[in-house]
Amino acid sequence: MSDTVVLGLDVGGTSTRATALSLDGTRLGAGRAGGGNPTSHGAERAAAELLAALRAALADVDPGRVRTGVIGLAGAGRLLADPHGRDAFDSAWAQAGLRCPYAVHGDALVAYASGTAAPDGTVLVAGTGAIAAQVRDLRLDRTADGHGWLLGDAGSGFWLGREAVRRLLTDLDRADTPGELGRLVLAELTGTTEVHARPRATAGAVVQAVTRRQPVELARLAPLVVSAAREGEPTAVALIAEAAALLAESVCRIRPPGATDPVVLGGGLLTGDTPLAGAVRAELAERWPGAPLHGAGDGAAAAAWLAARDLPEVTDPAALHARLVPPPT
């Protein structure tokens, strides 16, 4: 089985990661490139980043050895429904010297597979956006939220950034002195923490700074909330608690009471030791005390495992998962 090579790609809005693995778990190559999400960057640019990551991962690997691959991608359904986008990805795959088939799966499924080999469970992802999904036989079944910044993504990085600005505007409307989080947001948006003699003028400057940018850029304020919450800043702590409750509510929409199958937490806000990850874990543990909670790990390796598990020589997918997908750090 060591002669068989599988490819996995974890494609996001800011980076594209590819890994080539043998079935004994040997990492044969890895590649990294810029954002490869066609929804964010257009099909041609996304395919170019995909090709760059593939070529780096295959620098020391004969592409003819690759049997299969999986691309994990946010908005996978949109790519599959767009002939131009799929043609661009097919072309990149062929230009990398690959003649094997590949599949495209949603990033939520890849995040789930990076945390567990269990065929059934739940995944909750919170980064710029937020989505919860029920997994059945390693296929996405029901989903909750993930509706984008305008209509949903409750508890996401965008939500945290927007709510931090709203709290600041409320303070200014009341002519209150902004707290520490408010001053951080004010400095980030206007370059100063100084409030005009007429607070309404400062509020206007904040609104103008926000509306001059793309709405999704509010997610860039989320790290300010997270950092302030670590220091115990009251507004930030309250926002983290509210975000955790909203994310847990999304899970409640799709996960049965009393379920004991695993829950995987993914996305930048829920991976590692973050205040929001801790609060979400507490919310989920209270609702499903018998369910194991896992953090998401290496998405590219998980994509490679999803590709490999259907090969005829793979008789124990769980054992293969242990070899191919490193545990989260």
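What follows draws every value from the coordinates through simple rules; no lab data is involved. Just so it is clear, the structure is predicted and the values come from calculations on it, not from any experiment. Virtual Cβ from ideal backbone geometry, glycine too; neighbours counted across all protein chains shown.
Would you mind working out the magnitude of the charge dipole of segment 118-296 relative to its Cα centre, with +1 at each Lys and Arg C-beta and -1 at each Asp and Glu C-beta, to the nearest 20 Debye?
Numbers: 18 positive and 21 negative charges, 85 e Å.
Dipole size: approximately 400 debye.
Note on segment 118-296: dipole from Cβ charges, positive end direction compared against Ala243, Ala197, Ala279; the farthest Cα belongs to Ala197.
Under the rule of -39500 (n - 2.57) per DSSP H run of 4 or more residues, summed and divided by the residues of the chain, what mean residue ellipticity at 222 nm is obtained, to the nearest 500 deg cm²/dmol? The per-residue figure over the chain is -13500 deg cm²/dmol. Computed over the chain with a Gaussian network model linking Cα atoms closer than 10 Å, the most mobile of Arg255, Arg166, Arg212 is Arg212.
Would you list the membrane-span-like helices of the chain, meaning whole DSSP H runs whose alpha-carbon atoms span at least 27 Å along their axis and whose mean Kyte-Doolittle value is at least -1.0? It would help to have the intermediate numbers written out before the result.
Details: long enough: 234-254 (31 Å, 1.40).
Once both thresholds are applied, what remains is 234-254.
Of (1) 28, 44, 21, 7, 0; (2) 32, 51, 12, 5, 0; (3) 31, 51, 17, 1, which one was derived for P(r) over Cα pairs in 20 Å bins from 0, in percent from the structure shown? This structure yields the entry labelled (3). Could you tell me which residue out of Val104, Ala318, Ala48 lies farthest along the dipole of the chain toward its positive end? Charges go on the beta carbon: Lys and Arg +1, Asp and Glu -1, centred on the Cα centre. Selected residue: Ala48. When the chain is treated as a Gaussian network with alpha carbon springs shorter than 10 Å, the biggest mean-square fluctuation among Ala291, Ala53, Ala304 belongs to Ala291. Overall, the chain carries a charge dipole of about 480 debye about its Cα centre when +1 sits on the Cβ of Lys and Arg and -1 on the Cβ of Asp and Glu, all other atoms neutral. Taking the fewest neighbouring Cβ atoms within 10 Å as the starting point, the ordered list for Asp145, Asp171 is Asp171, Asp145.
Think of the chain as a dipole: +1 on every Lys or Arg Cβ, -1 on every Asp or Glu Cβ, centred on the Cα centre; then among Ala175, Gly268, Gly157, Ala175 lies furthest on the positive end.
Take the Cα of Arg200, go 7 Å toward its beta carbon, and the backbone nitrogen atoms of segment 161-177 under 16 Å from that spot belong to 169-176.
Could you give the size of the charge dipole of segment 1-92 about its Cα centre, using +1 on the Cβ of each K and R and -1 on the Cβ of each D and E, expressed in debye and rounded to the nearest 20? Don't jump to the answer; show the numbers that get you there.
On the way: 9 positive and 10 negative charges, 34 e Å.
Roughly 160 debye, rounded to the nearest 20.
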